[in-house]
Structure formats: structure tokens, C-alpha cells
Amino acid sequence: MASANVYPPSSEFASRAYVQGMDEYRALYRTAAERPEEFWGELAEKELFWFEKWSHVFEWHPPFAKWFVGGKTNVSYNCLDRHLATHRKNKVAILWEGEPGDQRQISYQELHRLVCRFANVLKGRGLKAGDRAVIYMGMVPELPVALLACARLGVTHSVVFGGFSAEALKARIQDLEAQVVITGDGSWRRGKEVRLKDAVDEALIECPSVKDVIVLQRTGSAIAMKEGRDHWWHDLDQGASEVCPAEELDSEHPLYVLYTSGTTGKPKGIVHTTAGYLLQVTATMKWVFDLRDEDTYWCTADIGWVTGHSYIVYGPLSAGATTMMYEGAPDFPQPDRFWRLIEKYRVNIFYTSPTAIRSFIRQGDQWPNAHDLSSLRLLGSVGEPINPAAWEWYYKVIGKERCPIVDTWWQTETGAIMISAMPGAVPLKPGSGSLPQPGILCDVVDLMGKPVGDNAEGFLVIKRPWPSIARTLWRDPDRYRQQYWERIEGVYMTGDAARRDEDGYYWILGRVDDVMNVSGHRLSTMEIESALVRHPAVAEAAVVGKPHEITGQAVACFVTLKKGNWNHHELGEELRKWVAHEIGSFAKPEQIRFTDSLPKTRSGKIMRRLLREIVTSNTVAGDVTTLEDLSVVTRLSAQHDED
Ligand code: PRX
């Protein structure tokens, strides 16, 4: 894992950076650790607009945290209105390109207008602070418009990634009891239409809370519109007022709920609130992305995931950036689409995932080499560990050995980046997230909470709450406590294993729970197992992550069948499609392996460790058609697992 190379910041980069050199980084870190109230209080006054100042900086009733208690602010106001009195009024806020090649450049002033109009549309449907909106859209500018309009009114939003199926969408709408769904007819992906409205129609059959559906016309294809429930965005928007003052909301008002996979079959609704979240995403735009006003900044994530919330919409707009959005696939119509976009828009900061980087490596250097990438000055990586070979390729072929790479470790629950180099300060080690951000007190410990010391593997924990920490799980505070705060007494348990080296650098080793990371997307083994056992042919299922050259991990399933005469080949295919239907195509298993029995401990727990070994080393060969007898391995390993 470790790489011998260390890359200190160039003096050119460091001399213009927001944080210059290790001494500055250490001073920031020390102040935040030793005098957190002063550190965060001063930062909140400097970085955010407040209708009313808070009475105290934080309150900590373990495990529940509150930040900027008693303060009143508004995220939409911070992302829009406050820039209108500055030179940013006519600056491009959102630079967008659709997959077919259509383009839009929306200034801060124009974005403010669009958001106010749409907020008035939502008001017109009776929505108010505390209500919930589910947003299921493609990557078009109206998606951030919808988020910011909700934030303006205090309507808590929940974006469901457009790749999720109707089933997954339904579960989220039901859990939230959303009053409105904001969607589109479809969106473009690899030249094909993703039919969003069809999925909404299917989901809503069992969602009585939803009174209105607002539909953006994007692809223009034929869709069903249900009288009284469904409305075209452009119809409601006609004549909507452009005046909509931002609500003065409490610092702890819930801004959004984002569902993510946990260790059970039921996704967790991560709740993020207003002021602390916004402060930390704004601050990390400067500390980590070293954002300058003249930069064109591009994060390639989808807004359906937390990366898009924090680092396409809220962080960049609050910091006054030009944030770029692209609708479609990286390889459409050719594998050089990203490099074409960087060249065309002169992108300066580029933030993507290791899976994307590994697939670019496979496509060959000729694609990036055919483009002028000289505008780039900083690169970023997120979502999964980046292997040193991919890091070196990114550094040389994309960054031309000029651009630092920030490998940013964080989670849906953390809201903002927790571990990452500050690029003008911290020497880089390929494969390591490097050092924690100010206010983030990490450690690597054993199950008793005892630090394991340098270079030993252990559980990555965070010892003190930070402003953008998830406050709770939607309507499930007990699960929040159990999941994150009780496994190791008194600290936030990340669920990741890590090692810290003698320089204090963190090396993330992957998940320690039953969560997989496929293409940087979190998937729970239990969620896929529950989907499989809902199929009439399946008796039992066990799912594990299998190492994969491009996507980091792939989904491998072991399945036992009910009595019957099954054609394994056909059923394997059917089950793969079934999982895509139940969850979404990104969760489609790579392998379905049929077996007579699943290896279990004497107390009946599935031995996933053993199954992981099997898929990793392929000691039991097989593909979708193989009928395996795992009883032998079970007998051999049961004793060991039980201990
Ligand atoms: O295992 C870690 C991995 O992704 C998990 C969080 O997933 P999610 O909540 O979907 O958020 C992804 C985007 C922030 C973590 O527990 N992970 C994320 N970033 C990194 C990473 N693993 C290694 N290096 C990273 N930079």
C-alpha cells in the first residue's frame, strides 16, 4: 500500500495558497483543538451571514451535538443573496453542460432569480418550513435550484440519486412522509434516456403523503401526467414572483436528509442541519480546494450523493465559486469527454473518484493527451482509497506533475471533508489521505478504545463532534447512538479501518462492517440480501464485496434456492436484474453463485469472512452456473469463526 514517494508542495503553489506551509497548518490545527469555541466562533462570524448571532458556539449532550445555538441564518441566503452586493453579482455561479452538448451559464444574480421563483412555486403548493421534499432528478441546473429553493423556505430536502429504482425511491418517500416530489421527465446518460417520471409513478402507488409532483421538462419524451397531482415546472413557474425573502431559520434547522447504506437492510436517513454544516463545507473549500475567486471548479460527483451536496452545491456556492456541472457519462460520446470539458471551460480544480481514474487509465493516455489540460492547478480524489499506482498516473498524466492531489476522506455522516492535505502546506504521500482538518481529532484504536500506536491497524474514530456532523438519523435517534457512539465508548466510530504512520498520516484501509464500496458508492450487504430473498426462488442469500480492478469492489452473491427445477444460468441473470430493479442498476451483482448451503457459525451467523476469502482468492472456482457445496469449508472454518 505505502509508496516511497513524497511530494512536497511546490513553492509556486505554496506562495499563493490559502494555507502556506506546515507551520500555518499546525497553528490552525492547534487553535481548533485547544480553543474550539474561539476558533469556530471567529470562523462563523467571518465566513457566514447571520440574521441573528448565536448565544454559544456548541452544546454537547453525548451523543447529540448542537452548533451555534440560538443563531438564525439561511443556507440559500448565504449561497446567493450575500454575493449580490459584491463583484460576484454577475459572476457565473453554475457552468453547465448537458450530455448532448447544450450549455448554460447562470450568474449569481440569475440563480437567485430562479431560486426565488421556484421557492414561490413551492410556497404556492402550501410548503413551509419543516415540510419534506424528495428530489429525484438528473444533473441539470434545476436540481441545485430545487435544493436552494427548499433551503430558502426551510423545507427539508432529500435527494434520491437518479440511478435508484422505483422501489428504493418509494422506501425513502415513505420513510420521510414527503409532501412533494420534484422530478423530471428524464435525463440523458450515455445517449439513452433515464426515465425518471416513470419510476416516480411506480413509486407513488404506495405513497399517500405525496400531494404534488413537480416535473421538469428535460428530454421532451412522452410521460404520464396525473391530473391534480402532477404539474409541469414551467407551468407553475409562469408568473411566479421573483421576490422571496429567505426564512430566518434556526442554526439547527434540518437542511436535508440523505439516505445511505448501513449494516442492516434499511437505509439510514442521515440528518444534516443548517449553520454548522454550511460553515464546515465553506471552510474546507478554502483549506482543501484552495479556492480562488477566479477559479473554475469542477466536482464530477452526482448531486444524489453527499459529495454533490457539499462540494457541487453548498460549499462552492457559499464560497462564491463558479461550480461546473455535467449531466452525463464520462465516456460519452467518446472516452475523452472529461478532458474535452476541462479544455473547453479551462477548469482549474478537478475533483473525481478513484474508480473514474482507474477507468481512464484503462482507456489509455491518448485520450487525455489529445487535450490541453494546462488550466488545471489542483486535483482531488474522493469516495474510496486511491491506490498509489492510480495516484501516480493522475499526478503525471492529468496533472503533468504540477498539480497537488488532495485525497479527501469523509463520509455522508461527516458532511464535510475530515482528512485531507491542505495543498499548499502538506507534503503528499500517494495513497494516504494525510492529515486531519482543523477541529478533527482522529485516532486509531482497538475495540476497547485504546490507541493502537503508530503503524498498527485499528478502528478509525473521531473523538470530538465537529460542526458538520450528522445530528441524528431521521426519526431514529437510538440507532444513531448505537451505530456511531456505542460500539467504542464515547467516540464517533467511522466504520473504517486505518493505520497512522510515524508522520501522523492516515492510511484508510476500508470498511470494517458489512458495507461495500462499489465505484465509491456505499452499498450494504444486508440491503442486497434482503432484495434477493424477496425473489420467489431464493431461500437464503449472503453478499460480500469482491476486489475489483476498476470499481474497487464488486458485488458477489451466494444464494441457496427453494425446492424446484431451476435453470441456474437464466436464474442468475434474472436475479442480477432483480437486484437492479429493487435497488438500482449501480447495485447489480457481478456474480451470483448458487450453493446448497451457506457457511454459518453454530449460532447461525453467516460467515461472510469466509465468503470474502472465497471470492478474493477464488479457492472455490465458479461463475453464475456453479452449484457449490460449501459445507466442507464451513466445517473447517466454523470453529475458527465462533472463537
Ligand atoms: O470507507 C470510506 C470511503 O467511503 C466511505 C463513506 O462513503 P459515503 O458515505 O458514501 O461517502 C463517500 C463520499 C464522501 C468511508 O467510510 N471513503 C471515502 N473517501 C475515502 C474513502 N476511503 C478512502 N479514501 C478516501 N479518500
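The values are calculated or read from the model by the stated rules, or taken from the named source; none is laboratory data. Bear in mind the structure is a predicted one, so any value in this text is a computation, not a measurement. Note that each Cβ is placed from the backbone with ideal geometry, even for glycine, and that neighbours are counted across all protein chains shown.
Report, by residue number, each residue of the stretch 557-568 that is surrounded by 14 or more Cβ atoms within 10 Å (Cβ to Cβ) and part of a loop (DSSP other than H, G, I, E, B). Before you say what the answer is, go through the steps one by one.
Residues of the stretch 557-568 surrounded by 14 or more Cβ atoms within 10 Å (Cβ to Cβ): 557-561, 566, 568.
Residue satisfying the conditions is Trp566 alone.
Tell me which residues, restricted to the stretch 386-397, are surrounded by fewer than 24 Cβ atoms within 10 Å (Cβ to Cβ) and in contact with a strand residue (DSSP E or B) (Cβ under 7 Å, 6 or more places away or on another chain). Spell out the reasoning first.
Taking the stretch 386-397 and keeping what is surrounded by fewer than 24 Cβ atoms within 10 Å (Cβ to Cβ), we get 387-390, 392-393, 395-397.
Across the stretch 386-397, the qualifying residue is only Tyr395.
Among the residues of the stretch 122-137, is there at least one that is assigned to a helix (DSSP H, G or I), in contact (Cβ under 8 Å) with a residue 24 or more places away in the chain, surrounded by 24 or more Cβ atoms within 10 Å (Cβ to Cβ) and not polar (S, T, N, Q)? Steps first, answer last, please.
If we filter the stretch 122-137 for residues that are assigned to a helix (DSSP H, G or I), which is where we start, we get 122-124.
Of the ones still in play, those that are also in contact (Cβ under 8 Å) with a residue 24 or more places away in the chain are 122-124.
Checking which are surrounded by 24 or more Cβ atoms within 10 Å (Cβ to Cβ) leaves us with 122.
If we keep only those that are not polar (S, T, N, Q) too, we end up with 122.
Yes, that holds for at least one residue.
Give me the helices (runs of 4 or more DSSP H) completely within the stretch 313-375, filtered to those with at least 3 residues that are closer than 29 Å to Val281 by Cβ, ordered by residue number.
Those helices (runs of 4 or more DSSP H) span 315-318, 337-345, 354-363.
Just the residues that are closer than 18 Å to Gln280 by Cα, of a type in the set (Gly, Ala, Ser) and in contact with a strand residue (DSSP E or B) (Cβ under 9 Å, 6 or more places away or on another chain), please, taken from the stretch 71-117.
Matches in the stretch 71-117: Gly71 only.
Can you go through Leu571, Leu575 and tell me which one is surrounded by 14 or more Cβ atoms within 10 Å (Cβ to Cβ), touching a strand residue (DSSP E or B) at 6+ places or on another chain (Cβ under 7 Å) and outside any strand (DSSP E or B)? Break it down into steps so the answer makes sense when it comes.
Details: Leu571 fails: touching a strand residue (DSSP E or B) at 6+ places or on another chain (Cβ under 7 Å).
Going through Leu571, Leu575 in turn, the sole match is Leu575.
Which of the numbered conditions does Arg602 fail, given that it passes all the others? Conditions: (1) assigned to a loop (DSSP other than H, G, I, E, B); (2) in contact with a His (Cβ under 6 Å, 6 or more places away or on another chain).
(2)
Find all pairs meeting these conditions: Cβ atoms under 7 angstrom apart; at least six residues apart or on different chains; first residue within the stretch 46-65 and among the acidic types (Asp, Glu); second residue not in a loop (DSSP other than H, G, I, E, B).
Partner pairs satisfying both residue conditions: Glu47/Leu279; Glu47/Thr282; Glu47/Ala283; Glu52/Lys72; Glu59/Lys66; Glu59/Val69.
Suppose we filter Phe332, Phe360 for residues that are within 27 Å of Ser187 (Cα to Cα), more than 15 Å from the ligand (Cβ to nearest atom), surrounded by 22 or more Cβ atoms within 10 Å (Cβ to Cβ) and in contact (Cβ under 8 Å) with a residue 24 or more places away in the chain; which single one remains?
Values: Phe332 fails: surrounded by 22 or more Cβ atoms within 10 Å (Cβ to Cβ).
Of Phe332, Phe360, the one residue that is within 27 Å of Ser187 (Cα to Cα), more than 15 Å from the ligand (Cβ to nearest atom), surrounded by 22 or more Cβ atoms within 10 Å (Cβ to Cβ) and in contact (Cβ under 8 Å) with a residue 24 or more places away in the chain is Phe360.
Any idea which of Ala283, Ala329, Ala275, Ala319 is hydrophobic (A, V, I, L, M, F, W, C), modelled with pLDDT of 95 or more, in contact with a strand residue (DSSP E or B) (Cβ under 6 Å, 6 or more places away or on another chain) and under 20 Å from Val382 (Cβ atoms)?
Exactly one of Ala283, Ala329, Ala275, Ala319 is hydrophobic (A, V, I, L, M, F, W, C), modelled with pLDDT of 95 or more, in contact with a strand residue (DSSP E or B) (Cβ under 6 Å, 6 or more places away or on another chain) and under 20 Å from Val382 (Cβ atoms), namely Ala329.
Of the residues that make up the stretch 553-572, is at least one more than 24 Å from the chain's Cα centre (by Cα) and hydroxyl-bearing (Ser, Thr, Tyr)? Walk me through how you get there before you give the answer.
Filtering the stretch 553-572 for residues more than 24 Å from the chain's Cα centre (by Cα) gives 557-572.
Okay, now just the ones that are also hydroxyl-bearing (Ser, Thr, Tyr), so 560.
Yes, because at least one residue in the stretch 553-572 is more than 24 Å from the chain's Cα centre (by Cα) and hydroxyl-bearing (Ser, Thr, Tyr).
Before we move on, is Tyr311 closer than 30 Å to Ser158 by Cβ, surrounded by 24 or more Cβ atoms within 10 Å (Cβ to Cβ) and within 16 Å of the ligand (Cβ to nearest atom)?
Numbers: closer than 30 Å to Ser158 by Cβ: yes; surrounded by 24 or more Cβ atoms within 10 Å (Cβ to Cβ): yes; within 16 Å of the ligand (Cβ to nearest atom): yes.
Yes: the conditions hold for Tyr311.
Select from the stretch 382-412 the residues that are in a loop (DSSP other than H, G, I, E, B) and more than 15 Å from the ligand (Cβ to nearest atom) and write down the one among them that is nearest to Pro423 (Cα to Cα).
So, considering only residues that are in a loop (DSSP other than H, G, I, E, B) and more than 15 Å from the ligand (Cβ to nearest atom), the one nearest to Pro423 (Cα to Cα) is Cys403.
Of the residues Ala539, Ala554, only one is over 30 Å from Lys429 (Cα atoms), modelled with pLDDT of 90 or more and not in a loop (DSSP other than H, G, I, E, B); which? Let's see the steps before the verdict.
Values: Ala554 fails: over 30 Å from Lys429 (Cα atoms).
The conditions single out Ala539.
Tell me whether the stretch 511-528 contains one or more residues that are without any contact (Cβ under 8 Å) to a residue 12 or more places away in the chain and surrounded by fewer than 23 Cβ atoms within 10 Å (Cβ to Cβ).
Taking the stretch 511-528 as the starting set, the residues that turn out to be without any contact (Cβ under 8 Å) to a residue 12 or more places away in the chain are none.
Checked against the condition, which is being without any contact (Cβ under 8 Å) to a residue 12 or more places away in the chain and surrounded by fewer than 23 Cβ atoms within 10 Å (Cβ to Cβ), the stretch 511-528 yields no hits at all.
Does Ile469 count as within 15 Å of the ligand (Cβ to nearest atom), closer than 30 Å to Ser15 by Cα and within 24 Å of the chain's Cα centre (by Cα)?
Values: within 15 Å of the ligand (Cβ to nearest atom): yes; closer than 30 Å to Ser15 by Cα: no; within 24 Å of the chain's Cα centre (by Cα): yes.
Here the answer is no, as Ile469 does not meet what is asked.
Take the residues in the stretch 285-303 that are over 15 Å from Phe350 (Cα atoms) and buried (at least 24 other Cβ atoms within 10 Å of the Cβ); name whichever of them is nearest to the ligand (Cβ to nearest atom). Give the steps one after another, and end with the answer.
Quick first cut of the stretch 285-303, residues over 15 Å from Phe350 (Cα atoms) only: 287, 293, 303.
After this cut, where a residue has to be buried (at least 24 other Cβ atoms within 10 Å of the Cβ) as well, the list is 287, 303.
On the way: Trp287: 15, Ile303: 13 Å.
The extreme case among them is Ile303.
Criterion first (crowded, with 18+ Cβ neighbours inside 10 Å, away from the ligand (no atom under 13 Å from the Cβ) and either over 26 Å from Phe58 (Cβ atoms) or within 21 Å of the chain's Cα centre (by Cα) (or both)) does Gly424 satisfy it? So that I can check it myself, show each step before the final result.
Details: crowded, with 18+ Cβ neighbours inside 10 Å: yes; away from the ligand (no atom under 13 Å from the Cβ): yes; either over 26 Å from Phe58 (Cβ atoms) or within 21 Å of the chain's Cα centre (by Cα) (or both): yes.
Yes, satisfied.
Is there a residue being crowded, with 23+ Cβ neighbours inside 10 Å and closer than 30 Å to Lys72 by Cβ anywhere in the stretch 187-209?
Within the stretch 187-209 (the criterion being crowded, with 23+ Cβ neighbours inside 10 Å and closer than 30 Å to Lys72 by Cβ), the answer is no, since none of the residues qualifies.
Go through Leu373, Leu378, Leu341 for me and flag whichever is away from the ligand (no atom under 12 Å from the Cβ), within 28 Å of Glu99 (Cα to Cα), at pLDDT 95 or above and surrounded by 24 or more Cβ atoms within 10 Å (Cβ to Cβ). Spell out the reasoning first.
Working: Leu373 fails: surrounded by 24 or more Cβ atoms within 10 Å (Cβ to Cβ); Leu341 fails: surrounded by 24 or more Cβ atoms within 10 Å (Cβ to Cβ).
Step by step, each of Leu373, Leu378, Leu341 is checked, and only Leu378 is away from the ligand (no atom under 12 Å from the Cβ), within 28 Å of Glu99 (Cα to Cα), at pLDDT 95 or above and surrounded by 24 or more Cβ atoms within 10 Å (Cβ to Cβ).
Looking only at the stretch 520-537, count how many residues are within 16 Å of the ligand (Cβ to nearest atom) and closer than 11 Å to Glu582 by Cβ.
2
What are the residues in the stretch 218-228 that are buried (at least 16 other Cβ atoms within 10 Å of the Cβ) and either of a type in the set (S, T, N, Q) or under 21 Å from Leu127 (Cα atoms) (or both), if any?
Narrowing the stretch 218-228 to residues buried (at least 16 other Cβ atoms within 10 Å of the Cβ): 218-219, 223.
Of everything in the stretch 218-228, just one residue is buried (at least 16 other Cβ atoms within 10 Å of the Cβ) and either of a type in the set (S, T, N, Q) or under 21 Å from Leu127 (Cα atoms) (or both), namely Thr219.
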